[in-house]
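Just below is one structure, and these are the notes that go with it.
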Amino acid sequence: MMGLKTTTEATPKSNERALINALSLHLGASQLPGDRPVDKPALEAAAGYLLAAARTRAPGQPLVQIESTSGERRHLRIAIINEDMPFLVDSVAATIAAQSLGIDLLLHPVIVVERDSAGAIT
């Protein structure tokens, strides 16, 4: 995923950590100028959520995962895993806004992954 190569010496935990670290860098880089800064622990948490959602996806099928988060304010995290599709993010953001809901943070990394025939990230 994202140009990372693993070896047979890597443990599942070390591989998972490497993927989360790399994905959190992509998430941070996807922020737009003027967005509020997101700290490293928050980016890593988002990366872990996205990686868990993206682990397996049927070829040609979109995957959407929605989860509420705890804290002093109610939030939803939404992960959309799909082939590249122009205007998908704009369309989803417009749909959310049409429901009178606000988007506090929008991260939009475009990441190339390799999957096996079952749809699992390799």
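The values are calculated or read from the model by the stated rules, or taken from the named source; none is laboratory data. Quick caveat: nothing in here was measured; it's all calculated off a predicted structure. Positions of Cβ are backbone-derived with ideal geometry, glycine not excepted, and every protein chain shown enters the neighbour counts.
For the stretch 73-83, the count of residues that are assigned to a helix (DSSP H, G or I) and without any contact (Cβ under 8 Å) to a residue 40 or more places away in the chain is zero.
Only residues that are out of contact with any strand residue (DSSP E or B) (no Cβ under 7 Å at 6 or more places or on another chain) and surrounded by 13 or more Cβ atoms within 10 Å (Cβ to Cβ) were counted across the stretch 50-59, and they come to 2.
Any idea which residue in the stretch 97-116 is surrounded by the fewest Cβ atoms within 10 Å (Cβ to Cβ), counting only those that are in contact (Cβ under 8 Å) with a residue 24 or more places away in the chain and closer than 12 Å to R57 by Cα? Checked the stretch 97-116; the qualifying residue surrounded by the fewest Cβ atoms within 10 Å (Cβ to Cβ) is E114.
Would a scan of the stretch 83-92 turn up a residue that is farther than 22 Å from G119 by Cβ, in contact with a helix residue (DSSP H, G or I) (Cβ under 9 Å, 6 or more places away or on another chain), at pLDDT 90 or above and acidic (D, E)? No, the stretch 83-92 has no match at all. Listed by first and then second residue, the pairs with beta-carbon distance under 9 Å, at least 6 apart or on different chains, first residue in the stretch 38-66 and at positive phi, second exposed (fewer than 14 other Cβ atoms within 10 Å of the Cβ), are G60/E83. Tallying residues that are surrounded by 16 or more Cβ atoms within 10 Å (Cβ to Cβ), part of a loop (DSSP other than H, G, I, E, B) and hydrophobic (A, V, I, L, M, F, W, C) within the stretch 28-49 yields 1. Of all residues in the stretch 16-62, those being in contact with a helix residue (DSSP H, G or I) (Cβ under 8 Å, 6 or more places away or on another chain), of a type in the set (D, E) and closer than 19 Å to L106 by Cβ number 1.
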